[in-house]
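To start, the structure itself, in structure tokens.
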Amino acid sequence: MKQRRFGNTDLHLSEIGFGAWAIGGQSFGPVDRKQALDTLARAEELGCNFIDTAAVYGDSEAIIGEFLKTRRDRWILASKYSGQKPGLRQTLEAQLQALGTDTIDFYQIHWMPGASERHLIDELQAAKQAGKIRYTGVSLYSAGDLERALATPELDGIQLKISLLSPSPFHEYRERIRQSGKGVLARSSLEDGFLTGKYSADTRFTTPGDKRAELTPEQIRNLAAKAEAFKHLCPDDLPLLMLATRYVLSFPEVTSLLLSSKTPAQADTNFGQIPAGDLPPDTLQRIARLQTELRLFDNPDPLRKLVHVLRRWLKPG
């Protein structure tokens with residue numbers, strides 16, 4: 001698998017990374033521990049060398065710690081501080097123990113600290129100087145967060161949502177991200193699976209522990225309609241999942257796209273079947289036009305607008 005340099009650091013990440021939220025068994029339904037280990041092993045066989053987790057991802061860190069016992073030198077490891085008590089330093093120590101390592105390669109705060117939380121940035125720097133982490137970053141949720149992160153020189157990288165349905169705020173800040181030299185991790189690029197092409201307006205999520213069970217029927221219809229609109233932009237009958245992933249990786253500012261896998265079969269798809277290379281320029285232009293028409297750079301449109309656009313796209317001729 002192709003690797004990309006993570007910003008100005010010396011880390012080279014597989015362009016598709018292992019997002020480890022799902023194997024923790026907390027938010028997407030239960031996962032058998034052996035199955036999780038087999039899934040990680042299959043990802044490694046297919047060239048994945050980067051994994052991103054967090055202490056709040058259920059059993060994820062413990063599973064990864066078991067997996068890395070004999071192969072730590074083959075993997076680049078990222079984790080996060082999510083606000084646990086008694087604080088960042090103590091949480092980091094517990095994570096190092098759970099992960100069975102002396103150093104976490106990329107350690108993030110799970111949000112962008114405000115002015116009153118400057119001490120967290122300082123604690124990241126102290127941990128970096130102590131050798132407990134190699135590089136520092138934040139996970140972002142808004143344009144304001146991104147603005148502040150880019151203005152914080154102590155941060156080596158950022159993680160944010162980027163997808164066909166969520167091009168903002170990444171799209172508007174691409175040039176500034178490039179100039180900052182910060183590495184970029186892209187998450188949620190399949191929009192809870194709706195950009196895999198597997199789910200329709202009638203889908204309901206009933207598996208215990210699946211966070212998508214909280215989606216209302218209207219939200220499901222909205223997501224399914226948006227995903228359907230992009231199906232018609234797939235070149236050469238490219239599956240929607242492939243369009244969604246290659247879209248994100250067509251931007252050189254993105255270092256690695258995080259995809260969740262719960263089974264070896266899913267790992268086969270995520271790490272072995274996604275074609276290399278950028279989407280053709282004309283496809284990217286058509287995507288941008290549809291994103292503009294759906295007003296995805298601003299606030300989501302009402303469902304009736306989506307229906308109108310779908311009718312136009314599906315109109316014969």
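Here are the numbers:
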| quantity | calculated |
| --- | --- |
| One residue from TYR81, TYR57 being modelled with pLDDT under 95 and of a type outside the set (A, V, I, L, M) | TYR57 |
| Scope region 153-177; condition farther than 20 Å from ILE287 by Cβ and either touching a residue at least 40 places away in the same chain (Cβ under 8 Å) or touching a Cys at 6+ places or on another chain (Cβ under 7 Å) (or both); matching residues | ASP156, GLY157, GLN159 |
| Checklist (1) without any contact (Cβ under 8 Å) to a residue 24 or more places away in the chain; (2) β-branched (Val, Ile, Thr); (3) in contact with a Phe, Trp or Tyr (Cβ under 8 Å, 6 or more places away or on another chain) applied to ILE133, failing item | (1) |
| Residues within region 225-272 that are over 21 Å from LYS2 (Cβ atoms) and touching a helix residue (DSSP H, G or I) at 6+ places or on another chain (Cβ under 8 Å), tallied | 14 |
| Spans of strands (runs of 3 or more DSSP E) in region 1-110 with at least 1 residues without any contact (Cβ under 8 Å) to a residue 60 or more places away in the chain, within 30 Å of GLN179 (Cα to Cα) and β-branched (Val, Ile, Thr) | 50-52, 104-109 |
| In region 149-191, the residues that are crowded, with 17+ Cβ neighbours inside 10 Å and among the charged types (D, E, K, R) | ASP156, LYS161, LYS182, ARG187, GLU191 |
| GLU218, sole failed condition from (1) in contact with a Leu (Cβ under 8 Å, 6 or more places away or on another chain); (2) within 28 Å of GLY24 (Cβ to Cβ); (3) part of a helix (DSSP H, G or I) | (2) |
| Pick from region 39-68, criterion among the β-branched types (Val, Ile, Thr) and under 19 Å from the mean Cα position of the chain (by Cα), ranking: farthest from GLN266 (Cα to Cα) | VAL56 |
| Single condition GLN285 does not satisfy, out of (1) free of Cβ contacts under 8 Å to residues at least 12 places away in the same chain; (2) under 28 Å from CYS48 (Cβ atoms); (3) part of a helix (DSSP H, G or I); (4) not charged (D, E, K, R) | (2) |
| Any hit, region 107-122, residues being in contact with an Asp or Glu (Cβ under 7 Å, 6 or more places away or on another chain) and under 18 Å from ALA62 (Cα atoms) | no |
| Matching entry among ALA201, ALA227, ALA244 (being part of a helix (DSSP H, G or I), hydrophobic (A, V, I, L, M, F, W, C), over 16 Å from LEU284 (Cβ atoms) and at pLDDT 90 or above) | ALA227 |
| Of residues in region 273-310 being in contact with a helix residue (DSSP H, G or I) (Cβ under 8 Å, 6 or more places away or on another chain) and of a type in the set (Val, Ile, Thr), the one modelled with the lowest pLDDT | VAL307 |
| Options LYS231, LYS211; residue that is surrounded by fewer than 18 Cβ atoms within 10 Å (Cβ to Cβ), within 30 Å of ASP156 (Cβ to Cβ) and not β-branched (Val, Ile, Thr) | LYS211 |
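Residue-wise test of (1) within 21 Å of the chain's Cα centre (by Cα); (2) assigned to a helix (DSSP H, G or I); (3) β-branched (Val, Ile, Thr).
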| position | (1), (2), (3) |
| --- | --- |
| LEU223 | yes, yes, no |
| LEU233 | no, no, no |
| GLN266 | yes, yes, no |
| GLY277 | yes, no, no |
| THR292 | no, yes, yes |
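The values are calculated or read from the model by the stated rules, or taken from the named source; none is laboratory data. Note that the structure is predicted; figures quoted are calculated from it, not measured. Every residue, glycine as well, gets a Cβ built from its backbone with ideal geometry; the counts of neighbours run over all protein chains shown.
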